[in-house]
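Here the structure comes first, spelled out in structure tokens, and everything after it is commentary.
The values are calculated or read from the model by the stated rules, or taken from the named source; none is laboratory data. Note that the structure is predicted; figures quoted are calculated from it, not measured. We place every Cβ from the backbone using ideal geometry, glycine too, and count neighbours over all the protein chains shown. With ligands, DNA and RNA removed, areas are computed over all heavy atoms of the protein, side chains included. Shrake-Rupley method; radii C 1.70, N 1.55, O 1.52, S 1.80 Å.
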Amino acid sequence: MAKKRANGEGNIRKRKDGRWEGRYTAGYDEKTGKRITKSVLGKTQAEVKEKLAKAVAEAESVDVRRADEYTLGTWLQTWYELYAKPHLRFSTAEYYRRGIELHITPRIGDIPLKKLTGRDLQGLYKDLREHGRLREAQKGKQPGLSDSTIRGIHTMLHNALDRAVKERLIVRNPADDCVPPKIPKHEMRILPPEQIKSYLTAADQRGVLPMFYLELVSGLRKGELVALQWSDLDIENKTISVSKQAGRNNAGEPDITRPKTENSIRKISIPQEAVDLLVAEHQKYPNNPWLNSDKELIHLSTVS
């Protein structure tokens, strides 16, 4: 019985056309059991020997049978459905989906996954920075995507390609070779003191003074503000316990979850005026558990 070659085992020979060829075993077909043979070519034996050593090393690291199945686009879709979407918040999953479908796949999605290079990704980032906007109204003001958006796309690609390395579809992550844009630091925008009266007057006229006064004195994030319940208010100590945030579930409906980081769980001191407003508001709807709603959890867009 003939000896079965180990993956990566190869040999070198000189061809009739004068070039040297190195052939090696890249794996075995699951269905037929036949050996998958590949080759490298070169002008000299030394050149082919070097190429063959590199190819053999890659053959031992990559599952050739599966690696040939994917383009970047098909792999991103597989990664998104299996590894990203089930474990992400709805808003983050939507951000990833739009990045894949609108920005990445139309540009470089047809590139075979195993042939993807850092230069391909760097070219993508350049194109997105110069021509990434899709809406005509936005293109007139700024034709390219922001640096923060492009960096988010880079982070997503890096995660997806890391998984491809772990599944032996590629040898290394080409995103490691990229230089993503730096996110510029902007000075924090705060409400000028001379506009506070107008802000509170407008909130009072819309019947939401307690919630917007609390926002003014606490600096809570929008999702944290919406998620507050009556039980989170400590009247005696004048504090608000922040331990959850509002968002959307996979069906796009309002939902309550824990904050992304444990550091976001905290207590915030508020002035007596805020406590009095919240207590007075709650007395109107004593059976309602939500601190900033008269009936049920409100949409974030309502607060906006």
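Observations
- Region 220-232 - residue that is among the charged types (D, E, K, R) and not in a loop (DSSP other than H, G, I, E, B) and, of those, nearest to residue 302 (Cα to Cα): 222
- Checking each residue in region 98-112 for being buried (at least 18 other Cβ atoms within 10 Å of the Cβ) and among the charged types (D, E, K, R) picks out only 107.
- Residue that is at pLDDT 80 or above and in contact with a Ser or Thr (Cβ under 6 Å, 6 or more places away or on another chain), where the choices are 268, 235, 240: 268
- Residue in region 172-184 that is under 30 Å from residue 126 (Cβ atoms), acidic (Asp, Glu) and assigned to a loop (DSSP other than H, G, I, E, B) present: no
- Verdict on residue 132 being closer than 30 Å to residue 58 by Cβ and surrounded by 14 or more Cβ atoms within 10 Å (Cβ to Cβ): no
- Total residues in region 233-257 satisfying the condition of being more than 16 Å from residue 302 (Cβ to Cβ) and surrounded by 18 or more Cβ atoms within 10 Å (Cβ to Cβ): the figure is 4.
- Sole residue being modelled with pLDDT of 90 or more, closer than 18 Å to residue 158 by Cβ and surrounded by fewer than 17 Cβ atoms within 10 Å (Cβ to Cβ), chosen from 70, 95: 95
- Per-region count, region 272-286, residues exposed (fewer than 13 other Cβ atoms within 10 Å of the Cβ) and in a loop (DSSP other than H, G, I, E, B): 1
- Selection of region 185-198 for residues being open to solvent by less than 60 Å² (accessible area, probe 1.4 Å) and part of a helix (DSSP H, G or I) yields only 196.
- Pairing each residue of region 207-233 that is free of Cβ contacts under 8 Å to residues at least 24 places away in the same chain with any residue that is small (Gly, Ala, Ser), provided the two are 6+ apart or on different chains, yields C-beta distances under 7 Å for 212/203.
- Region 96-153 holds helices (runs of 4 or more DSSP H) entirely within its bounds, and those carrying 3 or more residues that are of a type outside the set (Lys, Arg) and without any contact (Cβ under 8 Å) to a residue 12 or more places away in the chain map to 136-141.
- Residue in region 129-144 that is over 20 Å from residue 106 (Cβ atoms) and polar (S, T, N, Q) present: no
- Those residues of region 104-125 which are in contact with a strand residue (DSSP E or B) (Cβ under 8 Å, 6 or more places away or on another chain) and among the charged types (D, E, K, R), in sequence order: 110
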